1. Summarise the long-distance tail of P(r) for the stretch 158-210 by giving the % of C-alpha pairs beyond 12 Å.
2. If you build the convex hull over the alpha carbons only and average its shadow over all orientations, what do you get for the stretch 213-329? Give it in nm² to one decimal.
3. Sort out for me the Cα centre separation of the stretch 149-225 from the stretch 324-393, rounded to whole Å.
4. Quick one: work out the % antiparallel among DSSP beta bridges in the chain, nearest 5.
5. If you put +1 on each Lys and Arg Cβ and -1 on each Asp and Glu Cβ, how big is the dipole of the chain around its Cα centre, in Debye rounded to 20?
6. Evaluate E = 1/(1 + (r/R0)^6) for ALA25 and ALA269, where r is the Cβ-Cβ distance and R0 equals 60 Å; express this FRET efficiency to the nearest 0.05.
7. For the chain, what does the equivalent ellipsoid look like in terms of its semi-axes, each the square root of 5 times an eigenvalue of the Cα gyration tensor, given largest first in whole Å?
8. Give, in whole angstrom and from largest to smallest, the semi-axes √(5λ) of the equivalent ellipsoid of the stretch 1-141, with λ running over the eigenvalues of the Cα gyration tensor.
Amino acid sequence: MGIRNVLVVNAGSSSLKFMLFDMEAEKMLAKGQVERIGIDNPLFTFTTGDYSEKQTLCEAPNHTAAIKLVCNALVDPAKGGCLKSFADIDAVGHRMVHGGELYSGSVLLTPEVLEAFEKLSPLAPLHNPACLQGVQGCQNVLADVPHVGVFDTAFHQTMPAESYLYALPKEVYEKYGVRKYGFHGTSHKFVTHRMAEVLNKPLDEMNIITCHLGNGSSITAVKGGKCFDTSMGMTPLAGVMMGTRAGDIDPAVVLYLLKNGFTADEIDAMMNKKGGVLALGGTGSSDMRDLCSACGEGNEEAQVALARLVHSYAMYIGGYTALLGRVDAIVLTGGIGENSKETRAALLPALSGLGVTLNAEVNNQVRGIEKIISGDDSAIPVYVIPTNEELMIARETYAVINQ
Ligand code: AMP
């Protein structure tokens with residue numbers, strides 16, 4: 001089946017982000033989002049070509065109404081008119097969060113797949129039900145079109161047992177699925193494939209460390225082009241320090257706090273929403289721009305927080321270098337990896353034990369572009385590679401339908 005236009009949808013419980021791609025040229029035709037779905041004053045943002053709008057809507061009571069709005073805008077000649085009719089949408093690719101152990105690749109979203117996916121909701125209670133609402137809304141409006149699910153966890157399904165097993169009684173894994181799954185897989189896969197092109201190396205010979213550093217961050221060891229280990233765990237709380245997430249802590253801290261009168265919900269909020277840069281930075285913000293400017297102004301609390309953040313990145317990169325033996329490149333991506341020269345300028349010297357050096361002049365100029373930022377004498381080259389999860393989802397969707 002020949003397909004051309006792929007709509008990529010990323011649904012949250014009250015939001016729906018989208019991008020439309022012409023896959024012949026891998027060109028983005030339109031993008032935008034509906035926010036505050038099912039809440040007062042929903043917001044609609046839509047951009048295509050020269051046309052751009054942001055407006056408050058009368059209503060978007062549910063995901064079906066939201067996707068109808070999107071499709072109507074895509075065919076509206078007054079809004080750039082990138083499509084003639086809904087029938088010009090050839091396929092929809094959905095960002096699905098948790099595929100558990102069921103999905104190691106992208107799949108056509110049949111009723112059986114959606115039923116199985118729903119059963120995984122206990123593993124991602126905030127995300128999976130929202131994804132389902134998005135899929136169902138899109139299937140209501142675009143009923144005759146194939147829908148494909150692309151899972152955040154899929155890339156990490158190649159991890160060996162020594163990477164994904166927690167050292168807990170086996171029944172906890174076997175009965176409850178408690179193991180490491182990993183997240184941001186679509187981004188790690190995108191930059192891995194791009195890195196193979198840049199290094200002009202066969203994918204299955206690539207040993208690299210990919211660092212997706214943003215509000216949520218994860219670091220992955222890629223061995224022979226496949227995920228060998230990753231820093232996030234059963235949930236996206238584990239691993240490096242993040243914007244509002246604590247990252248790795250001694251698990252006994254949770255028990256200690258419970259025994260000292262904190263409720264499970266309070267501890268959950270502390271670790272997921274009030275931790276990380278927000279907790280330690282002393283600026284009241286989880287944003288790296290605020291943290292870095294406070295560091296520049298000599299704020300010592302902020303400087304310690306930046307050092308703590310970089311320390312956590314360096315621990316994973318160092319550990320993964322030991323596991324991989326040979327590392328062809330370290331890749332930085334995500335909002336921080338792509339844009340925060342201050343964070344990168346702190347990170348590369350923290351990797352000096354691996355023989356990594358920084359080209360400070362180049363680093364200062366790099367924002368959202370592909371570039372090597374390590375020195376010529378660096379034992380491992382360090383690249384900034386902008387990620388493009390939406391394009392990766394469109395590519396996966398295209399591949400599933402054309403296979
Ligand atoms: P993400 O979750 O990938 O969108 O990344 C968000 C993070 O990237 C936030 O901490 C931002 O402060 C950081 N970020 C985005 N743009 C910049 C920038 N121009 N300079 C420094 N940090 C940035």
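1. Numbers: 976 of 1378 pairs.
Here the long-distance tail beyond 12 Å is 71 percent of all Cα pairs in the stretch 158-210.
2. Numbers: hull surface 33.6 nm².
Quarter of the Cα hull surface area: 8.4 nm².
3. The two parts, judged by their Cα centres, are 19 Å apart.
4. Working: 41 of 58 bridges.
Beta bridges within the chain, antiparallel portion: roughly 70 percent.
5. Numbers: 32 positive and 44 negative charges, 32 e Å.
Its charge dipole is roughly 160 debye.
6. On the way: r = 45 Å, r/R0 = 0.75.
Efficiency computed from Cβ-Cβ geometry: 0.85.
7. On the way: eigenvalues 228, 128, 108 Å².
Listed largest to smallest, the semi-axes of the chain are 34, 25, 23 Å.
8. Numbers: eigenvalues 130, 77, 26 Å².
For the stretch 1-141, the ellipsoid semi-axes come out as 25, 20, 11 Å.
The numbers here are math on the coordinates, done by the rules we state, and not lab data. Keep in mind that what you see is a predicted model, and the values were worked out from it rather than measured. Cβ sites come from the backbone with ideal geometry, for glycine too, and all protein chains shown count toward neighbours.
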